[in-house]
Amino acid sequence: MASDRLYQLAVEFRKTSLWKRMLEDQLFAVSLDGGRTGYVSVMGLLGEHRALAVYVGEEGLRSYHILRENGTDSLIGYNPVVQNHASIQVSFEAKDDLPPEDLAEARDFAKRNGVRFAGKNAFPMFFKAEPGYMMTSDLTEQDEADLAAALEAAIEVAKDETLSYHNPGDFTGVIRTTKQIVLIAKEGDAYLRRSIPLPQVPVYEPPEGDAWDELAAARIRKLSKRGTWQAGLMTTTVPTGWEHSDQKILPVILVAIDTTMDEAINIRPVALYESRTNVMLNMLMEALRERGSRPAKIEVEDEYTEALLRKWCGDQKIRLERKQDLEDLQEAQMGLQMHLRSAAGGAGPEEQLQELAMLIESLLSLPMDMLTDLPPEMTRMLDGVEQELSGLPVVPEWLLEQVEELNERIRQAQTNASAKAGAPGWAPIRGGKAKSRIKRPSVVSPARAPHLCVLSVSLGTGCYRHIQVPENILLAELAEVILWAFDFMNDHAHAFFMDNRAWSQADCYYSPGIDDYAPSTEEYRLQDTDLWEDKKFKFIFDFGDEWTFQCRVLRISDEPAEGETIANAEIVRRKGEPPAQYGVPWFDEDEWED
């Protein structure tokens, strides 16, 4: 049962509507007792799920990164998010969507405290997620204290009236390369903001099957080989009881089809799969023993199943092959999901497809200018849905056509907006919007042919290069030229900050795929950035080591550039030896011997 204090904080937080001004990845930190740190995410910009989550410690931060990088849902197949999710949350639901015990608790609080839960999705529901387990509303005192601290900090953040997801202020999106995060710290009766280091958690790697019952494996090696299998891991979204815990689990199933015999192989599900891949392999060998044969080849279509079977197949001398569009496997996975959901009395994939169809239909009815403002999370989700649905034989053709049509409309709307943002007097900013600014005097005219531009680029004190490039060079090409001039390998991400302020969001351009809210350096040219002589800007390379190159426009020639853009680039003056990129001078051994 949640405390009155937690309910009161939830009600106060909901009144702020902070989700209208922040994106899910604009995390901020909060101090928890015992020297721990929580990382807080505010959700709800898309409108369908209003919530606040706190990810506790490095385990929670790892969970956040896995969620951000792998998505939240999958119709079929293995979803690492379910097996790694660790957070404490409050979400706001319609009363009909609350479990009876949670609804009774909320009404009891409202009655005793004179509170009325009015409006859409007004009832707070508290729960926590642990890796491999079903979410539960049974919070410990520690869970409640952690969530209360996160809510108090969020209420304080909401007092910043200048904050919006287009102008995030101190709360920039947290990605793996982010090194600092804002801590909302309570000192006495006041809240202070300060920057603290953000732990660097390892990138998620699919768990490998590297251990199994050796005696069972020796017996399986004696079985004859026969036919080809298709195999794939599947995350089960139906909670199941487990003898080793009072809490229900979300087990993982290895679905296997003998395509030669057109038979399904019965392999038992496994709890807490990511730490128990050996159990899954032992279950597989038990099924093989019962069949009396082993496959000559196993086909898989995802990295998770491949990681599970790679070493074991090598030990068994079974050929493992990665393929796309294994229709027999997909039909078996979808059918099993539908059966499990139906048996549990929940919504199966058919109902999920109906809900998706309703969402697509509502988005298709929006005018083009509103599609321009869709949050990047929604755009990425729709693009992923199109790719996933296109490989499923059970998806209606009309639904796939609607998804394709919607994505095409979004791309067209955002392309038109980008063209407008690149026009004279306008500059792209984070979030895909455009804001007006004062036009500085510029010798660049869009009507004339691009001219040569000489830039002074310095790296530290006493080391600089004067580089001549055409105005119409892509910013990604300019990055390559700068790195070439300083003997650096182009093996990391980069960004340009044309207002000469590092990590500013007002006028920035990033490597493709690094910052979904900023323009890409592969889509914008140097002349698009509003040049004038003596203009200064920064180029930052390798967000880990953060090499900062200071750039300045020395002059723009009167002669137009000729030929290919990057081919016209040259170093016209150099001074000083650049620092070694990785601590020691780098050279190509083959080129050195030549």
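The values are calculated or read from the model by the stated rules, or taken from the named source; none is laboratory data. All of these numbers come straight from a predicted model, not from anything done at the bench. Backbone-built Cβ (ideal geometry, glycine too); neighbour counts: all protein chains shown.
Listing for the model above:
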| item | result |
| --- | --- |
| Filtered residues of the range 1-30 (kept if among the small types (G, A, S) and modelled with pLDDT under 95) | A2, S3, S17 |
| One residue from A264, A256, A231 being in a strand (DSSP E or B), surrounded by 14 or more Cβ atoms within 10 Å (Cβ to Cβ) and touching a Ser or Thr at 6+ places or on another chain (Cβ under 8 Å) | A231 |
| Matching residues, the range 9-52, being under 25 Å from N113 (Cα atoms) and either crowded, with 16+ Cβ neighbours inside 10 Å or under 16 Å from the mean Cα position of the chain (by Cα) (or both) | L9, A10, V11, F13, R14, T16, L18, R50, A51, L52 |
| The range 196-228, residues that are without any contact (Cβ under 8 Å) to a residue 24 or more places away in the chain and either surrounded by 13 or more Cβ atoms within 10 Å (Cβ to Cβ) or part of a helix (DSSP H, G or I) (or both) | E214, L215, A218 |
| Test: residue in the range 180-194 that is surrounded by 15 or more Cβ atoms within 10 Å (Cβ to Cβ) and in contact with a Phe, Trp or Tyr (Cβ under 6 Å, 6 or more places away or on another chain) | yes |
| Qualifying strands (runs of 3 or more DSSP E) (wholly inside the range 403-513; at least 1 residues being buried (at least 20 other Cβ atoms within 10 Å of the Cβ), in the same structural domain as F549 (by TED's automatic domain parsing) and modelled with pLDDT of 80 or more) | 451-458, 464-470, 494-497, 508-510 |
| Every residue from the range 307-333 that is free of Cβ contacts under 8 Å to residues at least 60 places away in the same chain and of a type in the set (D, E) | E321 |
| Options G209, G232, G188: the member that is out of contact with any Gly (no Cβ under 9 Å at 6 or more places or on another chain) and not assigned by TED's automatic domain parsing to the domain that holds K128 | G209 |
| Output for the range 487-512, where each listed residue is within 19 Å of A476 (Cβ to Cβ) and of a type in the set (S, T, Y) | Y509, Y510, S511 |
| Filter result for the condition that a residue is more than 20 Å from the chain's Cα centre (by Cα) and closer than 30 Å to G34 by Cα, over A148, A211, A216 | A148 |
